[in-house]
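Engineer: Provided herewith is a single structure, encoded as structure tokens, for subsequent inquiry.
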Amino acid sequence: MVKRVVDILVSAALLVIALPVLLLVSIVIRCTSPGPVLFRQVRMGRGFEPFEIFKLRTMAHAQAGLAYTLGPDPRITPVGVWLRRTKLDELPQLWNVLRGDMSLVGPRPVLPELTYEFHEFYAFLLRVRPGLTDPASLKYCQETRLLAQADDPMHFFKTVVTPDKLRISFEYLANANLWTDCVTMTMTAVICCFPAMSRLYGELPEAQG
């Protein structure tokens, strides 16, 4: 209950603070690329209840391709490259937090198909709301760049990156409290400005096939 109250208060405050940025970026997106400002996609929520996640659109609208971004993707717009680098495309998820789909801190929401493939793990992780950030996402804040170095990005993502993320999320949830959530939120802000600080969460695995 306390965590939910904190989620509501902090997400509401951050949305108010971020509103001018969201409006400005929305105008830039509309002026530089045809299509909607927001990108919507179904992710799996607490208790295996699907929900629609919101992001600022970073790709060309209605172009076919994989649901995953596994390295450089021609669908990503020039503005989208900058939004992804700064993580500003994630700001609309504060609305997901405010309305109860997500929490500020928790395992990152993934596509339903991934929860089916790793069901035994997500059966535990999805006992809580997925989060805007967590230690696993901080360690892999430059995941796309890592996957681009692999001979087979999808295989590397499924066999190396995802299991490591699940391990980190398990460890975090086993000891999570308001203090660890505050630390994670603070480190999220730091790593957004200084990505190299992600090394504090461990060395990344070597990219391979």
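The values are calculated or read from the model by the stated rules, or taken from the named source; none is laboratory data. Remember, predicted model here, so these are calculated numbers, not experimental data. Counting neighbours? That spans all protein chains shown, and the Cβs are built from the backbone with ideal geometry, glycine included. Only protein heavy atoms, including side chains, enter the accessible area calculation; ligands, DNA and RNA are left aside. Shrake-Rupley method; radii C 1.70, N 1.55, O 1.52, S 1.80 Å.
Engineer: If you scan segment 89-105, which residues turn out to be under 14 Å from the mean Cα position of the chain (by Cα) and not in a helix (DSSP H, G or I)?
Structural biologist: Leu91, Pro92, Asp101, Met102, Ser103, Leu104, Val105
Engineer: Could you check segment 106-164 and list, in sequence order, the residues that are among the aliphatic types (A, V, I, L, M), in contact with a Phe, Trp or Tyr (Cβ under 9 Å, 6 or more places away or on another chain) and assigned to a helix (DSSP H, G or I)?
Structural biologist: Selection gives Leu114, Ala123, Leu125, Ala136, Leu138, Leu146, Leu147, Met154, Val161.
Engineer: Report the residue count in segment 1-15 for those that are open to solvent by 60 Å² or more (accessible area, probe 1.4 Å) and touching a residue at least 24 places away in the same chain (Cβ under 8 Å).
Structural biologist: Count: 4.
Engineer: Further, regarding this structure: Out of everything in segment 41-58 that is in a strand (DSSP E or B) and under 19 Å from Val28 (Cβ atoms), what residue ends up being most open to solvent (accessible area, probe 1.4 Å)?
Structural biologist: Residue satisfying both the conditions and the ranking: Lys55.
Engineer: Looking at Arg84 and the list (1) at pLDDT 95 or above; (2) closer than 24 Å to Pro195 by Cα; (3) open to solvent by 60 Å² or more (accessible area, probe 1.4 Å), which single condition is not satisfied?
Structural biologist: (1)
Engineer: What number of residues in segment 165-200 are open to solvent by 70 Å² or more (accessible area, probe 1.4 Å), part of a helix (DSSP H, G or I) and not small (Gly, Ala, Ser)?
Structural biologist: The qualifying residues number 10.
Engineer: Would it be correct to say that Ala18 is among the small types (Gly, Ala, Ser), over 19 Å from the mean Cα position of the chain (by Cα) and either surrounded by 11 or more Cβ atoms within 10 Å (Cβ to Cβ) or closer than 18 Å to Val110 by Cα (or both)?
Structural biologist: So Ala18 does not fit the description; no.
Engineer: Kindly indicate which of Thr133, Thr115, Thr144 is free of Cβ contacts under 8 Å to residues at least 60 places away in the same chain, β-branched (Val, Ile, Thr) and at negative phi.
Structural biologist: Thr133
Engineer: Can you name the number of the only condition in (1) part of a loop (DSSP other than H, G, I, E, B); (2) surrounded by fewer than 12 Cβ atoms within 10 Å (Cβ to Cβ); (3) not charged (D, E, K, R) that Ala207 fails?
Structural biologist: (2)
Engineer: Take the residues in segment 97-149 that are of a type in the set (Asp, Glu) and surrounded by 18 or more Cβ atoms within 10 Å (Cβ to Cβ), then tell me which one is nearest to Arg85 (Cα to Cα).
Structural biologist: Result: Glu143.
Engineer: Shifting gears a bit: For segment 150-164, which residues satisfy the criterion of being open to solvent by less than 10 Å² (accessible area, probe 1.4 Å) and aromatic (Phe, Trp, Tyr)?
Structural biologist: Phe156 - this is the single residue of segment 150-164 that is open to solvent by less than 10 Å² (accessible area, probe 1.4 Å) and aromatic (Phe, Trp, Tyr).
Engineer: Any residue in segment 177-200 that is farther than 15 Å from Asp7 by Cα sitting within a Cβ distance under 6 Å of a residue that is among the small types (Gly, Ala, Ser)? List the pairs, counting only those 6 or more apart or interchain.
Structural biologist: What qualifies is Ile191/Ser198.
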